[in-house]
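Read-outs: derived from the displayed coordinates by stated rules, not from any lab. Here the structure is a predicted model, which means the values were calculated and not measured. Heads up, the Cβs are rebuilt from the backbone with ideal geometry, glycines too, and the neighbour counts pull from every protein chain shown.
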Amino acid sequence: MNLILLGPPGAGKGTQAKMLIKRYGIPQISTGDILRAAVKEQTPMGVKAKAFMDAGALVPDEVVVGIVEERLQQQDCRGGYILDGFPRTVAQADSLSRTLQKNESDIDHVLALTVRSEELLSRITGRRTCRSCGAGYHLLFDPPKSPETCTECGGELYQRDDDREETIRRRLDVYQEQTAPLISYYAERNLLKTVDGMGEMAVIQANLVQIIESSRG
Ligand code: AMP
């Protein structure tokens, strides 16, 4: 089962992907996570990507397309995968479609999470991540016991550089300009399912699962 999670920054794609991978035992492929790891390790790709990410801009298509092509060839993707944060442009979607055609594979569902734009900013500014174990929190919706310390492992919590307010505004504009056209792109290909991304995480998850299950027969 091959899924794409689509939606603006802060829609809850990462959270929902993590719940889906537990349920279905397939990997989450987050281009954002892969890029952040490359930045941290200061690989040539990471060094190049950092400037785009810090500015809230998209990393060039050829870079992310290369990342995903390589990742999809790995053994753990044989039984399916969840793409989180990719594709983000029509060119990336076209390229993914060509790659899948070559492999005689296809996307089963594009699950689009919708959230009112006023809500997105407050959602993103509250996000915190643990430096040690990578656990994710939200200061309002999923708070750690102490605001600066990971409840799981005691590690230090930090805010992603690109989760600061000025950068978020730019990322939301970039989403509208470059990624939102993928909604009609996938609707035209009869792959799009829209799910309300407002409300309880568990309810949103149940709605996603229902869509997936209803098509599995
Ligand atoms: P995310 O964690 O998905 O919000 O991604 C964080 C940042 O990584 C984005 O703001 C972009 O700069 C970059 N990025 C992640 N995925 C892509 C993609 N598919 N295309 C271009 N840039 C990306």
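What ratio of Cα Rg to 2.2 N^0.38 Å holds for region 113-173?
1.17
Among 6-12, 84-90, how do they line up by average Cβ neighbours within 10 Å per residue, starting with the highest?
6-12, 84-90
Where the centre of each part is set by its Cα atoms, how far does region 144-170 sit from region 57-83, in angstrom?
Spelled out, the Cα-based centre of one part sits 26 Å from the other.
Once you charge only the Cβ atoms, +1 for Lys and Arg and -1 for Asp and Glu, what is the size of the charge dipole of region 105-210 about its Cα centre, to the nearest 20 debye?
So the dipole magnitude of region 105-210 works out to roughly 100 debye.
Give the residue from L120, Y81, G66 lying farthest towards the positive end of the charge dipole for region 1-146; charges sit on Cβ (+1 for Lys and Arg, -1 for Asp and Glu) and the dipole is referred to the Cα centre.
The residue sitting most towards the positive pole is L120.
With +1 on each Lys and Arg Cβ and -1 on each Asp and Glu Cβ, how big is the dipole of the chain about its Cα centre, in debye rounded to the nearest 20?
Dipole magnitude for the chain comes out near 260 debye.
Of T167, L6, G136, which is farthest towards the positive pole of the chain's charge dipole, taken about the Cα centre with +1 and -1 on the beta-carbons of Lys, Arg and Asp, Glu respectively?
G136
With each run of n ≥ 4 DSSP H residues scored as -39500 (n - 2.57), what mean residue ellipticity at 222 nm is computed for the chain after dividing by its residue count and rounding to the nearest 500 deg cm²/dmol?
Counting only the DSSP helices, I get -14000 deg cm²/dmol.
Go through region 143-195 and name the GluC sites (Glu not before Pro) that are in a DSSP coil and have 14 or fewer other Cβ atoms within 10 Å of their Cβ.
Passing sites in region 143-195 are E148, E152.
List the extent of the Cα atoms of region 1-125 along each of their three principal axes, largest first, rounded to whole Å.
39, 34, 26
Per the Debye formula with a single identical scatterer at each Cα and no solvent contribution, what log10 I(q)/I(0) holds for the chain at q = 0.08, 0.11, 0.17, 0.18 Å⁻¹?
The computed values of log10 I(q)/I(0) come out as -0.27, -0.53, -1.39, -1.57.
Can you bin every Cα-Cα distance in region 25-83 into 5 Å intervals starting at zero and give me the percent of pairs per bin, rounded to whole numbers?
Using 5 Å bins, I get a P(r) of 4, 18, 28, 22, 15, 9, 3, 0 for region 25-83.
Show me the GluC sites (Glu not before Pro) within region 63-124 that DSSP assigns to loop and that have at most 12 other Cβ atoms within 10 Å of their Cβ.
E104
Determine by what factor the alpha-carbon radius of gyration of region 155-217 differs from 2.2 N^0.38 Å, reporting the quotient.
1.53
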